[in-house]
Amino acid sequence: MNSAWSIYVIVLTLVTVGGSVWLLAMTARKPEKKEGETTGHVWDGDLAEYNNPLPRWWLWLFVGSVVFAAIYLVLYPGFGSASGTLGWSSEAQLRAEQQKYDEIARQTYARFAAMDVAELSRNSEALGLGRNIFANNCATCHGTDARGAIGFPNLTDASWQWGGEPDQILTTILQGRTAAMPSWSGVLGPEGTPQVVAYVRSIAGLGHNPAAAAAGKARYEQICLACHGPEGKGMVALGAPDLTDSDWLYGSSEAAITESLTKGRNGQMPAHAPLIGEDAVKVVAAYVYSLRQDNEVAQSEGQH
Ligand code: HEC
Ligand code: HEC
């Protein structure tokens, strides 16, 4: 606040408080008229107004607020740019609270520093924190239940494009991942595309035209094998997905696979180290890994 504003505020405050005191003095004076007398104003023919003194309690409330204002203005900021004798400020209060939370976070992460992702995934305190970090930073893309959507992978199943081991999950979240599958429409042409689509659906165990699939096999081995592997099982190093399982990032219908081939796919997982810090990434990686463990337990239980 510059000094002109400060003076303006001081004058306004003094006028308001002074005005209140003056009003108080006026009304507290012994009324000349007696109790029960009217002001002499009459409305609607018979509606008159008593001129009684103010009730005592009301007067004391008034005195109380003037005294309160005076004490408040001495202790706290409010009288122009004066900072008040207590030295309180909303900024300092905010800073103190932030420091308190930073300190709690620092102590929590310090306790987790010695543990690796696999250990953290068995620590209930870390998992609780990880669930919160996930809800605030990941759920927008992967869903609150981490089951994903078209173009955003399901993190609770057994299929991992970039690997489901603790270190691989950690690297994915720390550094992000950029999948690069170019468009193949120029290479495959209008004839080759449906053949390769039929072949992909055949190795995935989905309905297909056998003759077209047989023709597509050779093209697959020529072009796609390099990334998706000889059996279509994918390649973690490139983020090339397994084409034989039931987990599809973009869909398994003929139309969806055709679109994957003709347009290409370039899914991007943003690097989160710069966004939320490495400590938080490690904890959320443990949470994601715990989802995977849950799923494996569920699967092995299902097999018995
Ligand atoms: C802006 C959207 C977005 C946000 C936010 C996001 N992700 Fe992702 N994530 C993606 C996409 C898209 C992919 C798939 C990349 C690809 O196509 O290979 C992905 C992939 C992943 C994978 C790899 C899955 C696999 O099969 O290997 C993991 C693990 C993952 N994300 C975890 C997280 C976590 C944990 C967070 C929060 C800290 C997060 N993501 C935040 C979009 C996002
Ligand atoms: C340069 C490596 C590379 C080559 C070659 C390649 N792909 Fe891919 N493919 C990928 C990657 C990486 C992805 C994941 C894209 C993403 O996550 O956005 C992918 C995704 C796909 C998908 C989507 C899978 C899903 O879950 O929705 C299909 C289908 C596919 N590829 C089929 C093919 C076929 C058929 C060929 C050969 C014509 C081929 N790819 C050639 C790297 C490759």
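Each value in this text was obtained by applying a stated rule to the coordinates, not by laboratory testing. Just so we're clear, the structure is a prediction, and the values are computed from it rather than from any experiment. Virtual Cβ from ideal backbone geometry, glycine too; neighbours counted across all protein chains shown.
To the nearest ten degrees, helix 56-75 and the longest principal axis of the Cα atoms of the chain are 60 degrees apart. Model label sites at Leu94 and Ile276, defined 7 Å from Cα along the beta-carbon direction, differ in position by 2.5 nm.
Computed from the Kirkwood radius of its Cα pairs, the Stokes-Einstein diffusion coefficient for the stretch 185-266 at 4 °C and 1.567 mPa s stands at 104 µm²/s.
Near Ala240, the amide H atoms lying under 5 Å from its own belong to Met235; only residues 5 or more places off or on other chains count, and H is placed 1.01 Å from N. Were the residues from Leu24 through Tyr50 laid out at 0.36 nm apart, the gain over their Cα-Cα distance would be 7.4 nm. For the stretch 207-213, backbone phi angles converted through the Karplus equation (6.51, -1.76, 1.60; θ = phi - 60°) give residue-by-residue couplings of x, 7, 8, x, 5, 5, 4 Hz, Gly and Pro being listed as x. How would the stretch 3-75 be classified by its alpha-carbon gyration tensor: rounded, prolate or oblate, with rounded meaning a/c under 1.5 and the a/b versus b/c comparison settling the rest? Judged from the Cα gyration tensor, the stretch 3-75 comes out prolate (a/c at least 1.5, a/b above b/c).
Cα centroid separation, the stretch 123-162 to the stretch 197-223: 33 Å.
Model label points for Ser185 and Ala255, set 7 angstrom from Cα along the Cα-to-Cβ axis, are 1.6 nm apart.
The mean of 1/r over all pairs of different alpha-carbon atoms in the chain, once inverted, gives a Kirkwood hydrodynamic radius of 26.5 Å. If you plug the beta carbon distance of Ala110 and Gln268 into 1/(1 + (r/R0)^6) with R0 = 30 Å, you get a FRET efficiency near 0.40.
Peptides 68-76, 272-280, 154-162, ordered by how many other C-beta atoms sit within 10 Å of their residues on average, highest first, read 154-162, 272-280, 68-76.
Within the stretch 39-130, none of the GluC sites (Glu not before Pro) combine a DSSP coil assignment with at most 14 other C-beta atoms in a 10 angstrom radius.
For the stretch 96-110, putting each phi into the Karplus relation 6.51 cos²θ - 1.76 cosθ + 1.60 with θ = phi - 60° gives couplings of 4, 5, 4, 4, 4, 5, 4, 5, 4, 4, 4, 5, 4, 5, 4 Hz, in residue order, rounded to whole numbers and with x for Gly and Pro.
GNM remark for the chain: springs join alpha carbons under 10 Å apart, and the peak mean-square fluctuation among Asn266, Asn51, Asn209 falls on Asn51. With contacts taken as Cα pairs under 8 Å and at least 6 residues apart, the stretch 3-75 reaches a relative contact order of 29 percent. Distance between the pseudo-spin-label points of Ala237 and Val42 (7 Å out from Cα toward the beta carbon): 10.7 nm. What the Cβ-Cβ distance of Leu61 and Ala4 gives, at R0 = 35 Å and to the nearest 0.05, is a FRET efficiency of 0.50.
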